[in-house]
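All remarks here apply to the structure that follows.
The values are calculated or read from the model by the stated rules, or taken from the named source; none is laboratory data. Fair warning: this is a prediction, and the values are worked out from it, not measured in the lab. Neighbour counts are summed over all protein chains in view; Cβ atoms, including those assigned to glycine, are modelled from backbone coordinates with ideal geometry. We work out accessible area using only protein heavy atoms, side chains counted, and drop any ligands, DNA or RNA first. Shrake-Rupley method; radii C 1.70, N 1.55, O 1.52, S 1.80 Å.
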Amino acid sequence: MSAIIQIQNVSKTYNNGHQALHSINLDIKKGEILSLLGPNGAGKTTLISIICGLVNKSSGSILIDNFDNTTHYRQAREKIGLVPQELHLGMFDKVWNTLRYSRGLFGKKADDAYLDQLLKDLSLHDKKNEEMRNLSGGMKRRVLIAKALAHQPEILFLDEPTAGVDVELRKDMWQIVDKLRQSGVTIILTTHYIEEAEAIADRVGVINQGKIILLDETKAIMKRLGKKHMHLELQTPLSQLPDTLKALNFEMSEDGASLYYHFKNQKEYANIPKLLKAVTDCDILINELHTSKSSLEDIFVNLVTNEK
Amino acid sequence: MNLTAIKAIYNAEMKRFWSTIGQSIVSPVISTSLYFVVFGSAIGSRIDQVEGIDYGTFIVPGMMMFALLTQSVSNASFGIFFQKFTGTMYEILSAPVSSTEILLGFVGAAASKSFIIGSIILITSNFFVDLHIQHPIIMLTFFILTCLSFSLLGFIIGLWADNFEKLQIVPLLIITPLVFLGGSFYSINMLPEIWQSISLFNPVLYLVSGFRWSFFGVSDVNITLSLIFIGLFLSTCVGIVWWMFRTGYKLRS
Ligand SMILES: Nc1ncnc2c1ncn2[C@@H]1O[C@H](COP(=O)(O)OP(=O)(O)O)[C@@H](O)[C@H]1O
Ligand SMILES: [Mg+2]
């Protein structure tokens, strides 16, 4: 696959002297879903804003389908749709009017049939004549997506599309993204939820303090990063950890009421029954079982210590 | 040129005007009528004529100028400021739209609104006094140039302002006083000599005076001076906007 976006040595220092991006290099492939994963303040929004033309870069170059995004900004921007992180909408605008406006801004001839279909695809059709202020947060997010797609872009940027969105809506959003990808749109989304990156992205770029510190296929990244823990709540606290369990690398909490196990890789998940059997073999009764994945914070701690 | 985009911005800005069309028409009609009641009748009964013109008739160009200046500045500054304030500006900045196209959309809409309001005032005035415009082409030129240049000024203020105070301060502290002291409702010949001289430093005087000349053929200052002034003012605003755009001033960080 060829690169539809080429980012070369892009740095950004804001006017207040803060350097938000340090020489970013990134090729985004046509048709892929790339997730930029990083904590708040990592520089995700800054990078997206530079690509889309909201922020000027301090140095470096960006090609969109081989068009420089500053010298040939018209050709470059035509291909891009942006869904911003914040719900920036005119509260008294009607859904339908705002879509026609968006399409017009991008210089496209009116096409009501297309916009109608877009509204249907995003389950917004019954809100067509509604004013923004009457819509829920999730609906507003959909309107923003519809606006970004109103000019039929080849590339869609979604900046934290599921921040502050409930679980059900999040799944909805993933479906929307998946449908878009099937129609051939290249999608770049930012998130600080590792599950989100894992669920929908083909590739993940991990960004921290203005640098891309890791970029790989999602599976490969998850193998390296997405460590799982198992936590067993016991019915009666133990006074000490049995040797058989110690040998299996179980850990006990200080009060003896919980056992922990850290998986080294995904293959180890297959061992869960064996591990549980070892526990019951010691006549330990389990109250509850939890598994969890390492949080983004864990991952950064991991990456940084690995680098040293 | 992305004409479709200019139209999109223009229409979006005009929409507020049309959606409150009743209010948009009624308020200039009411304020014009009030001016005639207050200035025309109350004061006009004491001042019979100014420079040989019936006082009620005399104030029409000043009244129009007053509305054009304040409306242009407030409409244009609010339009762009509002988009910055609500964050909806992101869409324009990410669109294949040049700065000039953004300008044409916003300033065009603000100037159109002022033009419509000015026309309503003119029509309303016709019910109160007998108007005969001596130099219609010059009158129209002044009319349009004023709408355009003060909408440009408003656009600059809207770009510059990053809070509501700043948005209000220039109209409130500079424009309104200058308009009031610029001979909108009187001839500077009615002032003591010292104030006449001071008034000559008021740029608005040249506008009002020139506009009045196009109506009645009489003016406080030479009509050529007035035309030069409005031309200079327009060029200055264009220059400032050009500089703002070139540096990405307050639009793109
Ligand atoms: N306009 C700005 N001026 C100065 N600093 C900024 C500006 N926008 C963002 N920053 C800073 O740049 C860094 C990266 O921000 P951002 O790109 O928004 O991160 P993210 O989207 O990953 O949370 C942060 O430290 C933020 O405070
Ligand atoms: Mg962000």
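Annotations
- Of the listed requirements (1) of a type in the set (D, E, K, R); (2) in a loop (DSSP other than H, G, I, E, B); (3) under 18 Å from residue B:10 (Cβ atoms), residue B:113 misses just one: (2).
- Count of residues meeting criterion [within 16 Å of ligand 2 (Cβ to nearest atom) and either on the phi > 0 side of the Ramachandran plot or more than 8 Å from chain B (Cβ to nearest Cβ) (or both)] in region A:67-105: 3
- Selection within region B:50-101 - assigned to a loop (DSSP other than H, G, I, E, B) and either within 10 Å of chain A (Cβ to nearest Cβ) or of a type outside the set (Gly, Ala, Ser) (or both): B:51, B:87, B:88, B:95, B:96, B:97, B:98
- Members of region A:82-103 found to be of a type in the set (A, V, I, L, M) and open to solvent by 50 Å² or more (accessible area, probe 1.4 Å), listed by number: A:87, A:91
- Some residue of region B:105-123 being among the hydroxyl-bearing types (Ser, Thr, Tyr) and under 24 Å from residue A:53 (Cβ atoms): no
- Residue that is nearest to ligand 2 (Cβ to nearest atom) [pool: residues in region A:139-175 that are open to solvent by 10 Å² or more (accessible area, probe 1.4 Å) and small (Gly, Ala, Ser)]: A:163
- Tabulated pairs, region A:136-161, first outside the structural domain of residue A:180 (by TED's automatic domain parsing) and among the hydroxyl-bearing types (Ser, Thr, Tyr), second within 16 Å of ligand 2 (Cβ to nearest atom) and in a loop (DSSP other than H, G, I, E, B), C-beta under 6 angstrom, 6+ apart or interchain: none
- Those residues of region B:183-202 which are under 27 Å from residue B:242 (Cβ atoms) and buried (at least 17 other Cβ atoms within 10 Å of the Cβ), in sequence order: B:202
- Residue match in region A:201-214 (condition: on the phi < 0 side of the Ramachandran plot and in contact with a His (Cβ under 8 Å, 6 or more places away or on another chain)): yes
- Within region A:1-32, being within 16 Å of ligand 1 (Cβ to nearest atom) and not aliphatic (A, V, I, L, M) holds for A:11, A:12, A:13, A:14, A:15, A:16, A:17, A:18, A:19, A:22, A:23.
- Members of region A:179-200 that are within 16 Å of ligand 1 (Cβ to nearest atom), within 21 Å of residue A:64 (Cβ to Cβ) and away from chain B (no Cβ under 14 Å): A:189, A:190
- Among the residues making up region A:176-204, none is within 16 Å of ligand 2 (Cβ to nearest atom) and more than 18 Å from residue A:85 (Cα to Cα).
- When region A:7-19 is filtered for residues that are assigned to a strand (DSSP E or B) and either open to solvent by 40 Å² or more (accessible area, probe 1.4 Å) or over 29 Å from residue A:32 (Cα atoms) (or both), the ones remaining, listed by number, are A:8, A:9, A:13, A:19.
- Residues in region A:263-296 that are part of a loop (DSSP other than H, G, I, E, B) and aliphatic (A, V, I, L, M) were compared, and the one that is surrounded by the most Cβ atoms within 10 Å (Cβ to Cβ) is A:284.
- Of all the criteria given as (1) within 16 Å of ligand 1 (Cβ to nearest atom); (2) within 14 Å of another protein chain (Cβ to nearest Cβ), the one not satisfied by residue A:152 is (1).
- Helices (runs of 4 or more DSSP H) completely within region B:152-226 that count 1 or more residues being more than 15 Å from residue B:142 (Cα to Cα): B:164-170, B:176-180, B:193-199
- Filtered residue count, region A:33-45, keeping only those that are within 8 Å of ligand 2 (Cβ to nearest atom) and either within 14 Å of another protein chain (Cβ to nearest Cβ) or under 22 Å from residue A:73 (Cβ atoms) (or both): 2
- Of all residues in region B:217-251, those being within 14 Å of another protein chain (Cβ to nearest Cβ) and open to solvent by 50 Å² or more (accessible area, probe 1.4 Å) number 4.
- Each residue in region A:106-125 was checked for being within 14 Å of another protein chain (Cβ to nearest Cβ), loosely packed, with under 15 Cβ neighbours inside 10 Å and basic (Lys, Arg), and 1 of them qualify.
- So residue B:41, is it touching a Gly at 6+ places or on another chain (Cβ under 9 Å), more than 26 Å from residue B:141 (Cα to Cα), more than 13 Å from chain A (Cβ to nearest Cβ) and free of Cβ contacts under 8 Å to residues at least 40 places away in the same chain: yes
- So residue B:251, is it touching a residue at least 24 places away in the same chain (Cβ under 8 Å) and over 21 Å from the mean Cα position of the chain (by Cα): yes
- Which numbered condition residue A:12 fails, given (1) closer than 28 Å to residue A:199 by Cβ; (2) at pLDDT 95 or above: (1)
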